[in-house]
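Structure, as structure tokens:
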Amino acid sequence: MIPDGWVWNQAELELNHVLNEGLVSLVAFDLDGFPRAVGSGFFVSAQIQSAVVCTAAHVLREVERLQQPRRAVHPTTPTEFRTPRQRIELAKEKLRVLCIRSSQVEMAPVSWCILDDPSDLAFLGVEPQGSEDRFKFDRELRFVSRRLSVGDQVAVLGYNAMSTAPASVAKGATKGFQLARELVLRLGSVTALHEDGHILCRDACFETSIPVSSGMSGSPVVLYANDGEPIEVVGVVCSGPEPEDAGTLDRRISGCSIVACLRPEITSMDGKQVSAQFLLKSAELVQRAEDESDDP
């Protein structure tokens, strides 16, 4: 609920909250092997031993940037003389998806990804590491395919203030790290519609009064629901044009976030959503090297 005089509101959720099980954090490793929390995502399909995660395409482009050698290029250098951009690597030591189920924590490898830069949408195929009994994917968020109107109440469900730091481990053990994050639900309203794109998103998107931080990129944006009602996803956080500071966190002042629209073709059976198909205009498929011959 948004109190009178406020334009957005926030609830801090416990990290063991059930909603935490539908969300993920993407962790990329830079050229020095240091882990960096680059963004958020959420499960759109869970099949126990595999799952599909949705996030923002620019989150994966940031992963790609972290994997590139640091080369200074003058702005006037012609394109033909610049080093070609390397495709994102999905090797297990390069990218992981952090998932939580009850008290279990999983650093899931990524076997494939599909990026669509114009819509700023991306999908990743993830799998559990180790034995089949170690982690089970059984949480997913459902979609609703509808066109929003200015004034509709929506909420961002994601992780705020994400950061990583090295962790001390026993001698000879696998190198570890600590990930700090705060699970928040921010409620606001739709303030503008952009069918032809806006800022980072070059396809259908909308603006909201909700401020977001960089780690919330890729988070689901859902329709406002009362207690007991299902959570339905309508978009993915694309960008927050304004840097977050004390002013943007004043709930009496409208924030701003750009949200990529999700308008899937939904198939239902007996009142339950069984599939959702997305039309991506400029999709790019990348598979993990050892899985090049596999069909995701």
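Residues checked against (1) touching a Cys at 6+ places or on another chain (Cβ under 6 Å); (2) of a type in the set (D, E, K, R); (3) more than 25 Å from Phe123 (Cα to Cα):
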site	(1), (2), (3)
Lys136	no, yes, no
Gln153	no, no, yes
Met162	no, no, no
Phe177	no, no, yes
His194	yes, no, no
Arg202	no, yes, no
Ile210	no, no, no
Met216	no, no, no
**Study point:** Given (1) under 20 Å from Ile258 (Cα atoms); (2) assigned to a helix (DSSP H, G or I), number of the condition Ser40 does not satisfy
**Key:** (2)
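Restricting to segment 24-37, and then to whatever is outside any loop (DSSP other than H, G, I, E, B) and not aliphatic (A, V, I, L, M), can you tell me which residue is nearest to the chain's Cα centre (by Cα)?
First, pick out the residues of segment 24-37 that are outside any loop (DSSP other than H, G, I, E, B): 24-29, 35-37.
Filter again for not aliphatic (A, V, I, L, M), leaving 25, 29, 35-36.
Working: Ser25: 7, Phe29: 17, Pro35: 17, Arg36: 14 Å.
By that ranking, first place goes to Ser25.
Output the residue which, of all residues in segment 191-231 that are of a type in the set (Val, Ile, Thr), assigned to a loop (DSSP other than H, G, I, E, B) and buried (at least 20 other Cβ atoms within 10 Å of the Cβ), is farthest from the chain's Cα centre (by Cα).
We begin by selecting, within segment 191-231, every residue of a type in the set (Val, Ile, Thr); these are 191, 199, 208, 210, 212, 221-222, 231.
Of the ones still in play, those that are also assigned to a loop (DSSP other than H, G, I, E, B) are 199, 210, 212, 231.
If we keep only those that are buried (at least 20 other Cβ atoms within 10 Å of the Cβ) as well, we get 210, 212.
Details: Ile210: 16, Val212: 13 Å.
By that ranking, first place goes to Ile210.
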Practice item. Restrict the check to segment 88-100 and report whether at least one residue is modelled with pLDDT of 90 or more, of a type outside the set (Lys, Arg), in contact with a Pro (Cβ under 6 Å, 6 or more places away or on another chain) and within 23 Å of Leu141 (Cβ to Cβ). Key: no
Practice item. Output the qualifying pairs, or none if there are none: Cβ atoms under 7 angstrom, residues six or more apart or on different chains, first residue in segment 1-16 and closer than 22 Å to Glu207 by Cβ, second residue part of a loop (DSSP other than H, G, I, E, B) and of a type in the set (Phe, Trp, Tyr). Key: Ile2/Trp8
Review point. Would a scan of segment 149-159 turn up a residue that is among the charged types (D, E, K, R), at pLDDT below 85 and out of contact with any helix residue (DSSP H, G or I) (no Cβ under 7 Å at 6 or more places or on another chain)?
Key: no
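On the given criteria, is Val184 under 30 Å from Phe29 (Cα atoms) and hydrophobic (A, V, I, L, M, F, W, C)?
Yes, satisfied.
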**Study point:** Within segment 265-296, tally of residues that are within 20 Å of the chain's Cα centre (by Cα) and modelled with pLDDT of 80 or more
**Key:** 12
Exercise for review: Kindly indicate the residue of segment 106-163 that is farther than 15 Å from Gly218 by Cβ, touching a Lys or Arg at 6+ places or on another chain (Cβ under 9 Å) and among the polar types (S, T, N, Q) and also surrounded by the most Cβ atoms within 10 Å (Cβ to Cβ) among those meeting that condition.
Suggested key: Ser111
Point to revise | Inter-residue pairs, beta-carbon under 9 Å, first over 16 Å from Thr55 (Cα atoms) and in segment 148-169, second surrounded by fewer than 11 Cβ atoms within 10 Å (Cβ to Cβ) and not polar (S, T, N, Q), 6+ apart | key: Pro166/Lys175; Ala167/Lys175; Val169/Lys175
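The values are calculated or read from the model by the stated rules, or taken from the named source; none is laboratory data. Here the structure is a predicted model, which is why all the values come from computation and not from measurement. As a convention, Cβ positions derive from the backbone with ideal geometry for all residues, glycine included, and neighbour counts pool all protein chains shown.
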